[in-house]
Amino acid sequence: NIFSMCLIAEQNIMAIGSLQGTLYFIDLNNKKVLTPSIQLPKTIYDIKRFKEQLFVGSADGLLTIFDVESRQIQKAIRISNKSIRHIDFHPKQAIAAIACSDHHIYIFDVEKQQVIDRLSHHQNSVFSVKFGFDGQYLLSGSRDAQLCVWSAQNITFQLKNSLAAHLFTINSLAL
């Protein structure tokens, strides 16, 4: 079962994360799995690229960072004791918002490779985060059916609005 995919366009390789925690790299030109695949301990929920690194969020709360070229692990950082469900990068700054099943959103400094803030408002697992095109806002959606709008001015985050979007889980956000 596939949970996440990320295209490495210049190599024409697709990184694929599975329910079993296997990270596959597929050569799209030759239609074959490159070896070795990498086995992480838990389900891989999201894979995102930032510059020359892949950021992999998994069910054990670890953010595993891979080098794009070598596909080797550079570092694994514990973000939460619960699942990392989604990652989104700020469009202008080297920060990421990380949605977790512990009801929080973690703001991660990519260059320092550390959490710099923790946003709390949701009452259940946060499944999706999305920065606005200009980086001024961050949206978050959760199993609590709340859509939250956060101001992201100067990497200082404040809740601006929380809306009951409907009666069901918000699994994904897109702009």
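Mind listing the phi-derived Karplus ³J(HN,Hα) values for the stretch 58-63, rounded to whole Hz, using 6.51, -1.76 and 1.60 with θ = phi - 60°, and x for any glycine or proline?
Along the stretch 58-63, the couplings run 10, 5, 8, x, 8, 9 Hz.
Ignoring ligands, DNA and RNA, what accessible area per residue does the chain give at 1.4 Å, in Å²?
Details: 8740 Å² over 175 residues.
Ligands and nucleic acids excluded, the figure is 50 Å² per residue.
Over the Cα atoms of the stretch 20-111, what is the Rg over Rh ratio if Rh follows Kirkwood? Kindly include the intermediate steps, with their values, before the conclusion.
On the way: Rg = 13.3 Å, Rh = 13.6 Å.
Radius of gyration over Kirkwood radius for the stretch 20-111 works out to 0.98.
Leaving ligands, DNA and RNA out of it, report the carbon-plus-sulfur percent of the accessible area of the stretch 107-175 at a 1.4 Å probe. Please list the in-between numbers first.
On the way: 1790 of 3810 Å².
Exposed carbon and sulfur together represent 47 percent of the surface.
Rounded if a/c is under 1.5, else prolate if a/b beats b/c, else oblate: with a ≥ b ≥ c from the C-alpha gyration tensor eigenvalues square-rooted, which is the stretch 28-69?
On the way: a/c = 2.25, a/b = 1.37, b/c = 1.65.
Note, shape of the stretch 28-69 comes out oblate.
Round to the nearest 0.05 the FRET efficiency obtained for Ser151 and Asn29 when R0 = 45 Å and r is the Cβ-Cβ distance. Intermediate values should be presented prior to the final figure.
Details: r = 44 Å, r/R0 = 0.97.
Using R0 = 45 Å, I get an efficiency of 0.55.
Quick one: which residues, 5+ away or cross-chain, put their amide H under 5 Å from the amide H of Arg118? H built at 1.01 Å from N.
For Arg118, the qualifying residues are Ile107.
Just to be sure I understand: with springs between alpha-carbon atoms less than 10 Å apart, which residue in Ile73, Ile44, Ile107 has the highest mean-square fluctuation in the Gaussian network model of the chain?
Judging by the Gaussian network model, the answer is Ile73.
Across the Cα atoms of the stretch 68-109, what radius of gyration and what greatest pairwise Cα-Cα distance (Dmax) are found, in Å?
In order Rg, Dmax, the Cα atoms of the stretch 68-109 give 11.8, 34 Å.
As an exercise, use a Förster radius of 41 Å and the Cβ-Cβ distance of Asn124 and Lys51 to find the FRET efficiency, rounded to the nearest 0.05.
Working: r = 33 Å, r/R0 = 0.79.
The computed FRET efficiency comes out at 0.80.
Could you calculate the contour length gain from Asp134 to Leu19, that is, 0.36 nm times the residue separation minus the distance between their Cα atoms, to one decimal place in nm? Present the calculation step by step, with values, prior to reporting the outcome.
Numbers: separation 115, 0.36 × 115 = 41.40 nm, distance 3.33 nm.
Length gained between Asp134 and Leu19: 38.1 nm.
Over 15 Å, how big is the tail of the calculated P(r) for the stretch 62-131, in percent of all Cα pairs? Can you show the working numbers first?
Working: 1272 of 2415 pairs.
Everything past 15 Å amounts to 53 percent.
What list of ³J(HN,Hα) couplings, whole Hz, do you get for the stretch 36-46 from phi and the Karplus terms 6.51, -1.76, 1.60, once you set θ to phi - 60° and write x for glycine and proline?
x, 6, 10, 9, 9, x, 9, 3, 9, 8, 8
If I take all pairs of Cα atoms in the stretch 99-161, what percentage of them are more than 18 Å from each other?
On the way: 585 of 1953 pairs.
So the portion of pairs separated by more than 18 Å is 30 percent.
Give the whole-number value, in cubic angstrom per residue, of the convex hull volume spanned by the C-alpha atoms of the chain.
Details: hull volume 19.9 nm³, N = 175.
Per-residue hull volume (Cα only) is 114 Å³.
Using θ = phi - 60° and the Karplus relation 6.51 cos²θ - 1.76 cosθ + 1.60, list the HN-Hα couplings for the stretch 141-154 in order, rounded to whole Hz, with x at every Gly or Pro.
The phi angles translate into x, 9, 5, 7, 6, 8, 9, 9, 10, 10, 6, 10, 5, 6 Hz.
How much length would be gained if the chain were fully extended between Asp109 and Gln39, taking 0.36 nm per residue of separation minus their Cα-Cα distance, in nm to one decimal?
Using 0.36 nm per residue and subtracting the Cα-Cα distance, I get 22.6 nm.
The values are calculated or read from the model by the stated rules, or taken from the named source; none is laboratory data. Just so it is clear, the model here is predicted, and its values are computed rather than measured. Note that each Cβ is placed from the backbone with ideal geometry, even for glycine, and that neighbours are counted across all protein chains shown. The accessibility values were calculated without ligands, DNA or RNA, using every heavy atom of the protein model including side chains. Shrake-Rupley method; radii C 1.70, N 1.55, O 1.52, S 1.80 Å.
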